[in-house]
């Protein structure tokens, strides 16, 4: 019994620490952005880490929800809960359409179909009037919730934290449910799962839609936090970014995608400051250009993880602890 409680106690302590960050001087917008991308990575991990399906088009669901929620909040003036729900519904419906088409194939063919469908949706967002085209959907209001003004970063912070904790708990319950065990069996041996009588295609589709809806929740929340939705949310590089987050943190682990999102987002936001500091200390002006070389640095991290840390940060730590326990 203690083994089942320990992880939840650890997760509770982790989220309690996150709740204290604003009181310790952390910048709320940065932490909220990390939580949004961490939820996006956790949603993607549900698909690849626990079901074994590699999607190259997951940015489509982030973008669909970002534009959907932004339009609902700004143009229709819906309350915040309904605006977020509309964004999630848009992502889930998109996931249902994409999944129904993609799961007819497996392996690299599945991945390429998701990429192709995602790019089609990207070009739709580029040309549609309600998205603002290349300018994006700007000045999305945060609105009010239960009489509280969400323009206050502190109040919005705890709303985003509550959303993230609720979504994380849902993913945890899915993974540790009988449904989640079937997904794991499909990942390990799809032929055997079929021979046991499971409708593998249906389970894959449900997992795909769940992952899309959770990714949509991340996109809708990000629009609420930042106040805009742009083509960056739906472009293929964002799909690559969430793959990188998951691999760096640890695919198939619960905390790994969170760690990966923190590492990648921190690099994107702080590498310029680090380059300026190195330039001041060494006098080498080349370091000033590091802020424009984020893709180079993240690419090097990806290569390092593939070559030396294939389990990701959390996966490698867990492996070392397991070896130490078994050795003792």
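Below are the figures for this structure:
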| quantity | calculated |
| --- | --- |
| Volume per residue of the C-alpha convex hull in the chain, rounded to whole Å³ | 172 |
| Simple spin-label estimate for residue 82 and residue 232 in nanometres, 7 Å along Cα-Cβ | 3.1 |
| 20, 145, 46 arranged by Cβ crowding within 10 Å, fewest neighbours leading | 20, 145, 46 |
| Ranked by how many other beta carbons lie within 10 Å on average, peptides 119-127, 83-91 from highest | 83-91, 119-127 |
| Gyration tensor over alpha-carbon atoms, region 110-223, equivalent ellipsoid semi-axes in Å | 35, 23, 8 |
| Cβ-based exposure ranking for 222, 33, in which fewest neighbours within 10 Å come first | 33, 222 |
| Sorted by Cβ neighbour density within 10 Å, fewest at the top, the residues 39, 101 | 101, 39 |
| Pairwise FRET efficiency - residue 144 versus residue 106, Cβ, R0 = 41 Å, nearest 0.05 | 0.30 |
| Inter-probe distance in nm under a simple model that places probes 7 Å from Cα toward Cβ, at residue 177 and residue 195 | 2.8 |
| Over the chain: helical MRE at 222 nm, DSSP H runs n ≥ 4 each giving -39500 (n - 2.57), nearest 500 | -25000 deg cm²/dmol |
| log₁₀ of I(q)/I(0) at q = 0.27, 0.32, 0.33, 0.35 Å⁻¹ - region 181-223, Debye sum with one point per alpha carbon | -0.85, -1.03, -1.07, -1.13 |
| Gain on full stretching of the segment that runs from residue 130 to residue 75 - 0.36 nm per residue minus C-alpha separation | 18.9 nm |
| Förster radius 45 Å - calculated FRET efficiency between residue 151 and residue 304, Cβ distance, rounded to 0.05 | 0.65 |
| Cβ-Cβ FRET estimate between residue 97 and residue 8, R0 fixed at 25 Å, reported to 0.05 | 0.10 |
| For region 1-109: relative contact order, % (alpha-carbon pairs under 8 angstrom, 6 or more apart) | 18 |
| Distant alpha-carbon pairs in region 4-43 (separation over 12 angstrom), percent | 66 |
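Every number in this text was worked out from the coordinates using simple rules, so none of it is lab data. Being a predicted model, the structure only gives us computed values, none of them experimental. Glycine gets a Cβ as well: all are built from the backbone with ideal geometry, and neighbour counts include every protein chain shown.
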